[in-house]
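Note sheet for the following structure.
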Amino acid sequence: MRNLLAGNPVIPVITLNRVEDAVPLAQALIAGGLKVLEVTLRTEAAVEGIRQIVKHVPEAIVGTGTVCTEQQLKLSEDLGCQFMISPGATDGLLRAAASASIPFLPGISTVSELMRCMEYGHRNFKFFPAEAAGGVPVLKSFAGPFADISFCPTGGIGLHNVMDYLALPNVLCVGGSWIAQPKLIDEKDWAGIERLAREAVELAS
């Protein structure tokens, strides 16, 4: 997971409401310089949308988000995804992920959750919900006792604070929905989304 995320400091978190939006949205994000895409399994359009991106946008590195069940882990593999991300982590989910064929990024927000996931061999985590869980100060405090652990904070992150997170040595990347905004997707404003993606890349670099 660390190899996949390294060099990709901003991961757009995508919520698809229409399958037809999947391919042009992915193309806009890639044109803007973002190639690692997290598509959340929150909507009915998500599964077919992911299938269409995998088929028609081969340059995209596509993963599933909001993975909450063992069945969704298997679904992620079957869809041809290259990674999967959960908002949290249960023992059942961690056990199932241990035998998966693609990397899994478990979500944590506390030290105890972090340590439980470490028992399953994880060293990279989604920190969620980042801002509500304490944000930058919490990640700074994690760095002392967990110097070899890396994070992808997600939740409440936008242009106003993204660099505060990326400046931390234990942050590999950030996840955010401010790029693939629902309003812009509904309006099919692919140029606007490409512009936001390009701004994020320029800021992060």
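The values are calculated or read from the model by the stated rules, or taken from the named source; none is laboratory data. Bear in mind the structure is a predicted one, so any value in this text is a computation, not a measurement. Please note: Cβ atoms are built from the backbone with ideal geometry, for glycine as well, and neighbour counts cover all protein chains shown.
Could you figure out which of (1) farther than 23 Å from residue 61 by Cα; (2) touching a helix residue (DSSP H, G or I) at 6+ places or on another chain (Cβ under 6 Å) isn't true of residue 95?
Every listed condition holds for residue 95 apart from (2).
Report every pair of residues separated by at least 6 positions or lying on different chains whose Cβ atoms are under 9 Å apart, first residue within the range 147-167 and at negative phi, second among the hydroxyl-bearing types (Ser, Thr, Tyr) and part of a helix (DSSP H, G or I).
151/165; 153/165; 157/165
Within the range 119-146, can you find the residues that are in contact (Cβ under 8 Å) with a residue 12 or more places away in the chain and not in a loop (DSSP other than H, G, I, E, B)?
If the condition is that a residue be in contact (Cβ under 8 Å) with a residue 12 or more places away in the chain and not in a loop (DSSP other than H, G, I, E, B), then 124, 125, 126, 127, 135, 136, 139, 140, 142, 143 are the ones that fit.
In this structure, is residue 197 part of a loop (DSSP other than H, G, I, E, B) and closer than 18 Å to residue 27 by Cα?
No: the conditions fail for residue 197.
Restrict the check to the range 147-160 and report whether at least one residue is within 15 Å of the chain's Cα centre (by Cα), buried (at least 21 other Cβ atoms within 10 Å of the Cβ), in a helix (DSSP H, G or I) and of a type in the set (Ser, Thr, Tyr).
No, every residue in the range 147-160 fails to be within 15 Å of the chain's Cα centre (by Cα), buried (at least 21 other Cβ atoms within 10 Å of the Cβ), in a helix (DSSP H, G or I) and of a type in the set (Ser, Thr, Tyr).
Each row is one residue, and each column tells you yes or no for (1) under 30 Å from residue 161 (Cβ atoms); (2) surrounded by fewer than 21 Cβ atoms within 10 Å (Cβ to Cβ); (3) modelled with pLDDT under 95.
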residue: 31; (1), (2), (3): yes, yes, no
residue: 52; (1), (2), (3): no, yes, no
residue: 64; (1), (2), (3): yes, no, no
residue: 84; (1), (2), (3): yes, no, no
residue: 88; (1), (2), (3): yes, yes, no
residue: 95; (1), (2), (3): no, yes, no
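Test residue 8 against the stated conditions and say whether it is polar (S, T, N, Q), touching a strand residue (DSSP E or B) at 6+ places or on another chain (Cβ under 7 Å), at negative phi and surrounded by fewer than 21 Cβ atoms within 10 Å (Cβ to Cβ). It would help to see each step written out before you state the result.
Values: polar (S, T, N, Q): yes; touching a strand residue (DSSP E or B) at 6+ places or on another chain (Cβ under 7 Å): yes; at negative phi: yes; surrounded by fewer than 21 Cβ atoms within 10 Å (Cβ to Cβ): yes.
Here the answer is yes, as residue 8 does meet what is asked.
With respect to the numbered conditions (1) touching a residue at least 60 places away in the same chain (Cβ under 8 Å); (2) within 18 Å of the chain's Cα centre (by Cα); (3) surrounded by 14 or more Cβ atoms within 10 Å (Cβ to Cβ), which one is the sole condition not fulfilled by residue 190?
Condition (2) is where residue 190 drops out.
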